[in-house]
Each structure stands twice: as structure tokens, then as C-alpha cells.
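Here's the structure, in C-alpha cells; my notes come after.
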Amino acid sequence: MPGYLDHARIGPLSHRAAAALAAATALAGRADPADLDRLFALSDAARTSAARLLDARPHEIALAPSTSNGLFTVAAALRGPGTVLVPRGEFPANVYPWLRFAGRGGPDVRLLDPDGQRHITADLLRRHLTPDVTALTVSAVDSLTGHVAPLAALKEVLGPDRLLIVDAIQGLGAVPLEADAADVLVSGGQKWLRAGWGAALLLIRDQCGERLAPGLGGWAGVTEPFAVRHPAPSLPGAAAHLATNPDFPAAAAIGAAVDDLLDQGGPAVVGTRIRATLAELLDRARRAGAEVLSDGLGHRERAGIGTFRLPGHDPATVHRALEASGVIVTRRDEWIRLSPHASTPSAAADLFAEALQTPTHRTTRTHTDTHSTPGTTASTSTSTSTSTSTSTESSAHPRTDIQEPTCPTS
């Protein structure tokens, strides 16, 4: 669909990922033992490709079922005492794992308030960095504003003895990330990688491996899974944290998606196209009178997400008008979120701009009042219509200075 601008919610399967998923599913439906070996090989290939993308070693990569599962795996591995810092605006997937394990052997949780803005900065982190802090967990890209976290600067403040844990699902595959700064990184494939559900990349770098016990590591994470006596020694690297084998067709799909990304020139090339398309869409929104959330972000500070609202207009009405015109976006509270991809055609900007005319013209369109008294001019009729419509919307939504929402969005 030319008007599909919702990759931050779901990225439709790419052709390459879909083909890999279908081929691996066909293998799983056959009984030849060699086919099982081929499925394992597809998983290994996906890890190797992910290592290229993340500038890591293949043994530092494991395949988790999802971003949430990967974060829970890390939370189970990070033992106390200590404190993990969590920015208050984080998406809940990066909040609940730490809350659930606090008091169950994991570190305490301290929520950071970002001084009137949604994103954390190096200065803010520095002010809250007390001796008990052992880790910071943060999204590489904010799911509402599209702000790219300064991972390298955050890691510099943390230093080598504290962990930087990154939820990268809203950035990986969309724009370049400072992934080499992350000690731990987790990202599912169903958004910008366009690989579907069932597999996520879990990066645990060697330098922090000894500080993460295999809390959820099961039989697939040990050297001798069929030993007579257990427990057996853990596997080296990220595999020690695996509870069981991955979903092999999903592993094949995410591996194919990563290869596709790399073949297109990697995040730098793809990200340039995404950012250019997003910039055009946001410019069209501004021309329609929209307010853009975090409009002061620099080019490299914004990823593939841009969010706007039309002051004086019901956001639900705006969202319905866009959808009726074939423009697929996400609405969260007062805000409409745009998230194009590199495959988004140039026609999407015109389609989006045209769709915005429906709600914006509703309050100003000229019409003939058949019940007007003789002699009433058309301009008088138009003025009355405008005043009435504006008054109705203003009474339903009297405030246009609503604060940015404190609850995050996917």
C-alpha cells in the first residue's frame, strides 16, 4: 500500500524474509533428519549475519523469541545488589522485566524523570549516577518522538563497570545506531527489519558475560544437554541464556531480513531514505497546520518516527480520515505517529497531504444554507459555518497545550 506509514507498529514481511520463512516452514514439514540439520544451519547463519550488522562475534548473539522475552532474559541474568536506571518514558516492554525481578534477586529499579523532555541525556544520567547504579536500560529510539538515544555518550558516562542495556527494536534496520556502545542489545524483527514475529536478536558482549548469570538458561544453553547428570556447564557466550531452541522458520526470516538490509547498503543507506521520506511527510503536516512533537530534533537525532497533532481537531477524527484515504498510521492519545520505510513510494507524501485536507477543511468549507432567508450572502453563510464548527471542536477539546503523554507507545 503506498499509504502504509506504520512500520514502527508492524513492518509487513519483506519478500526476502517471506521467502525464507516459507522455505524453512517447508523444511519443518519433512521427516528427513538432514532437514533438521538444515534448520539448525539457518539459525546459525542468522546469528552470523546479525553479528555483521552489530559489529559483534557470532557467539555473542543468540536468538530469543521476542524483544520482551530477551529483556526478561537479561533481567533474570542481572543479579543484585545494585540499582538499574530506567527512564520513565520507556515503553513498558523495557520496564516490567526490571520491576518483576526487583526483590527476586535482581537489582532495585529507579525511574528517571527526564527534566521535561522524554529522552535521557548524558548530563541527566551523570546527575543521577550514584555508586549503587549497576546498569542503565534505554530504548535506542523513543517509540513516540523518534528521538535517537546518544548511546556512546551514555556509555561514556556509565564507564566500563556499569552495563548499558539497549532495547533497539524501534531503530534497528531504520537508522544507524551506536550499537558498539551497548553491552547488551535486544531487538525483535517484526518492525523495521520486516521479518515478522518469532525471533529477536539478543546481543551479550563478552566483556559483560561474567556479570550475567544464565537466569533463564535451560537445556539448550548447556554444553551437554543430554548428560546423565545435571546441571551441565553453560555454553560460552549469549547461548548460555537460551531456555530452548529458537523458532527455526522465524530465525530464517530474521536472518534473511538482516542480509537484505546489509545488501541494500546497511542502516546508513536505508536510514538516509527513511529520514528523507519522513522529513517530507512532516513538512506536509506542518503546511496543514500540524504541531510536530519534539520538532527541534536534529537530522541525526530523529530516526524513522515522527509524530504530530492538528490543534483544534479531534485526533480520532483525523486518524479515521487518514485511514479512510488509505493512509495507515498509529494514533496515541492526542498524537498521530508516522513511520515510513525505505520502500515507501514518493506518492505517499501527496496521498498523506490530500488526506489531511479532509479534517482541516471540515471547519472552513463553504456551503449553501437552503434555509437561509432571502438576501443572505454566501460569505455570511460561510462565516456562520466556520464559527459553529470551530466552536464545537473547541468545546470538545478546549486545550491545545496538552502536555506530552507520560505513558509510552509501541
Do the conditions hold for THR277, that is, is it over 14 Å from GLY70 (Cα atoms), open to solvent by 40 Å² or more (accessible area, probe 1.4 Å), of a type outside the set (Asp, Glu) and modelled with pLDDT of 95 or more?
no
Anything in the range 333-351 that is open to solvent by 50 Å² or more (accessible area, probe 1.4 Å), of a type in the set (Gly, Ala, Ser) and not in a loop (DSSP other than H, G, I, E, B)? List them, or say none.
ALA347
What is the number of the single condition among (1) aliphatic (A, V, I, L, M); (2) assigned to a strand (DSSP E or B); (3) open to solvent by 10 Å² or more (accessible area, probe 1.4 Å) that ALA153 does not meet?
(2)
Inter-residue pairs, beta-carbon under 7 Å, first outside any helix (DSSP H, G or I) and in the range 248-268, second modelled with pLDDT of 95 or more and surrounded by 20 or more Cβ atoms within 10 Å (Cβ to Cβ), 6+ apart:
GLN264/VAL270
With respect to PRO374, is the statement that it is assigned to a loop (DSSP other than H, G, I, E, B) and at pLDDT 95 or above true?
no
The lone exception for ASP260 - which of (1) among the acidic types (Asp, Glu); (2) crowded, with 19+ Cβ neighbours inside 10 Å; (3) farther than 30 Å from ILE336 by Cβ it fails
(3)
Test: residue in the range 23-46 that is modelled with pLDDT of 95 or more, farther than 30 Å from SER346 by Cα and within 21 Å of the chain's Cα centre (by Cα)
yes
Filter the range 280-322 down to the residues that are buried (at least 19 other Cβ atoms within 10 Å of the Cβ), among the polar types (S, T, N, Q) and in a helix (DSSP H, G or I) and list them by number.
none
Can you say whether LEU158 is more than 13 Å from the chain's Cα centre (by Cα), open to solvent by less than 10 Å² (accessible area, probe 1.4 Å) and closer than 23 Å to ASP295 by Cα, as far as the supplied structure shows?
no
Residues located in the range 191-246, provided they are farther than 28 Å from GLY11 by Cβ, of a type in the set (Gly, Ala, Ser) and in a loop (DSSP other than H, G, I, E, B):
ALA213, GLY215, GLY217, GLY218, ALA227, ALA232
Of the listed residues (PRO176, PRO107), the one being at pLDDT 95 or above, under 23 Å from the mean Cα position of the chain (by Cα) and buried (at least 16 other Cβ atoms within 10 Å of the Cβ) is PRO176
Anything in the range 195-230 that is in contact with an Asp or Glu (Cβ under 8 Å, 6 or more places away or on another chain) and either at positive phi or crowded, with 24+ Cβ neighbours inside 10 Å (or both)? List them, or say none.
GLY198, ALA199, LEU203, ILE204
Taking THR67, is it open to solvent by 60 Å² or more (accessible area, probe 1.4 Å), farther than 30 Å from ALA355 by Cα and of a type in the set (S, T, N, Q)?
no
Take the conditions touching a helix residue (DSSP H, G or I) at 6+ places or on another chain (Cβ under 7 Å), under 21 Å from ASP260 (Cα atoms), in contact (Cβ under 8 Å) with a residue 12 or more places away in the chain and open to solvent by 70 Å² or more (accessible area, probe 1.4 Å) and apply them to ASP44. Does it pass?
no
So, in the range 123-150, exactly how many residues are surrounded by fewer than 22 Cβ atoms within 10 Å (Cβ to Cβ) and β-branched (Val, Ile, Thr)?
3
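For (1) open to solvent by less than 60 Å² (accessible area, probe 1.4 Å); (2) in contact with an Asp or Glu (Cβ under 8 Å, 6 or more places away or on another chain); (3) not β-branched (Val, Ile, Thr), each residue gets a yes or a no:
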position: ASP35; (1), (2), (3): yes, no, yes
position: ARG38; (1), (2), (3): no, no, yes
position: ARG52; (1), (2), (3): no, no, yes
position: ILE61; (1), (2), (3): yes, no, no
position: GLY82; (1), (2), (3): yes, yes, yes
In the set PRO92, PRO81, PRO97, PRO58, which member is more than 23 Å from ALA168 (Cβ to Cβ) and not β-branched (Val, Ile, Thr)?
PRO81
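The values are calculated or read from the model by the stated rules, or taken from the named source; none is laboratory data. Note that this is a predicted model, so its numbers are computed, not measured. No Cβ is skipped: glycine too gets one built from the backbone with ideal geometry, and neighbour counts run over all protein chains shown. We work out accessible area using only protein heavy atoms, side chains counted, and drop any ligands, DNA or RNA first. Shrake-Rupley method; radii C 1.70, N 1.55, O 1.52, S 1.80 Å.
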